1. Determine the distance separating the Cα centre of the stretch A:94-138 from the Cα centre of the stretch A:1-67; give it in Å without decimals.
2. Along the Cα→Cβ direction, 7 angstrom out, place labels at B:C37 and B:N87. What is the inter-label distance in nm?
3. Quick one: which residues, 5+ away or cross-chain, put their amide H under 5 Å from the amide H of B:L15? H built at 1.01 Å from N.
4. Where does helix A:118-128 land angle-wise versus the long Cα axis of chain A, in degrees 0 to 90, nearest 10?
5. With solvent modelled as a 1.4 Å probe, how much accessible area in total do chains B and A shield from it at their shared surface, in Å² to the nearest 100?
6. Expressed as a whole number of Å, what is the distance separating the alpha-carbon centroids of the stretch B:1-77 and the stretch B:111-143?
7. Any idea what the alpha-carbon Rg over 2.2 N^0.38 Å comes to for chain B?
8. Tally up the carbon and sulfur contribution to the accessible surface of the stretch B:1-67 as a whole percent, 1.4 Å probe, everything protein left in place.
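The values are calculated or read from the model by the stated rules, or taken from the named source; none is laboratory data. Being a predicted model, the structure only gives us computed values, none of them experimental. Here the Cβ is made from the backbone with ideal geometry for all residues, glycine too, and neighbour counts use every protein chain on show. Note: accessible area is taken over every heavy atom of the protein model, side chains too, but ligands, DNA and RNA are not part of it. Shrake-Rupley method; radii C 1.70, N 1.55, O 1.52, S 1.80 Å.
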Amino acid sequence: MLINASRGNVVDLDALAEALRSRRIGGAAIDVFPVEPRSNNDEFLSPLRGLDQCILTPHIGGSTDEAQENIGVEVAEKLTRYSDNGTTTSAVNFPEVALPEHDGKHRLLHVHQNIPGVMSAINQVFSENNVNVSGQYLQTMGDTGYVVIDIEADYSKVLITSLTAIEGTLRTRVLF
Amino acid sequence: MKQQSLQKSKIKFLLLEGIHPSAIDALAKAGYDNVVCCPEALPTEELMAEIKDAHFVGIRSRTQLSAKVIEAAPRLVAIGCFCIGTNQVDLEAASRNGIPVFNAPFSNTRSVAELVMTEVILLLRGVPQRSAAAHRGEWQKTADGSHECRGKTLGIIGYGNIGMQLGVIAEGLGMKVIYFDIESKLPLGNAQPKATLSSLLEDAHVVSLHVPQHAST
């Protein structure tokens, strides 16, 4: 018996159809396929159609009301955590940074192109403005860099304007 | 009241495609109540108009967030895919614009494991073929080739969140659980790791796959 409710490309369905016909495999349940219909109005095509000992389901392994409810909470919490705190843990396209609380401090978030010179330009802004950095968290992924800087001073417009002006800056945000 | 960098009521969340109300509750709990909900996916023009002043957007699988749409959202801070896959988002355009994308890779764990467990039983009892035959008017009453799952061996390939959850359920029904994973994983319950894929295939009565899509799988 073979069950696949993971990814469509990990089973050779022609080989499976043959193994079911020759009874080398007693039965199968397949929920995911290399090519799936784009919508519920399109026809489902598969070498497994017509084999009675094979359960075919339309990629519904995770499709329940309970899973939808869990998804609502899981993603909403990831968004509010990023909004409140800057943490990007488990982002799919972005440097992952897990951050502590920043009570009583101002936190500057700086997203930039991952090119040489950006970090030294950022640090220069702080030293020129005589601002003491109490924590700094940097991570890069591909072409993107993400640095979070906690400062003890109150955030000033001058500081954020200078940071935003650095070449390669994509986004800046302040949290307090 | 504590002074904040940006008032939470000014932070706009745009939730499309009838995202579950649990999301709105979770946002409210964190103090965010400026939430615009839409039961459907929006056509590109309408989407671009709505997303223009949004700070966060939540979608499911039908909304296409192309580079064009992302670039039409100057205030966008992050994107939430309230689903597993993220193919509907131009991830590169999002990173290029400094926007992280989040999804929910683990929320469906239990749902998948439960479905697989029922299929183990249905297959061991030959239910699919007998049901299909009955629909055609054939009566296949026989005990031949039908087995209880109790005492049989379930082989789990890929012992991640779903594989582990399935193992726990299967043991509850009296199955012996073995697994193979490319990383060494601590077993839950009495599950036993197998050193090689072929030794798992030799010992298992039923094999279930829980692997990611990857060149090696």
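1. Cα centroid to Cα centroid, the span is 49 Å.
2. So the label points at B:C37 and B:N87 sit 2.9 nm apart.
3. Counting only residues 5 or more places away or on other chains, the set is B:V36, B:C37, B:C38, B:G58.
4. It is inclined by approximately 30 degrees.
5. Values: alone 13700 and 11350 Å², together 20040 Å².
Between B and A, the summed buried area is about 5000 Å².
6. 44 Å
7. Cα-based Rg divided by the globular estimate yields 1.39.
8. 51 percent
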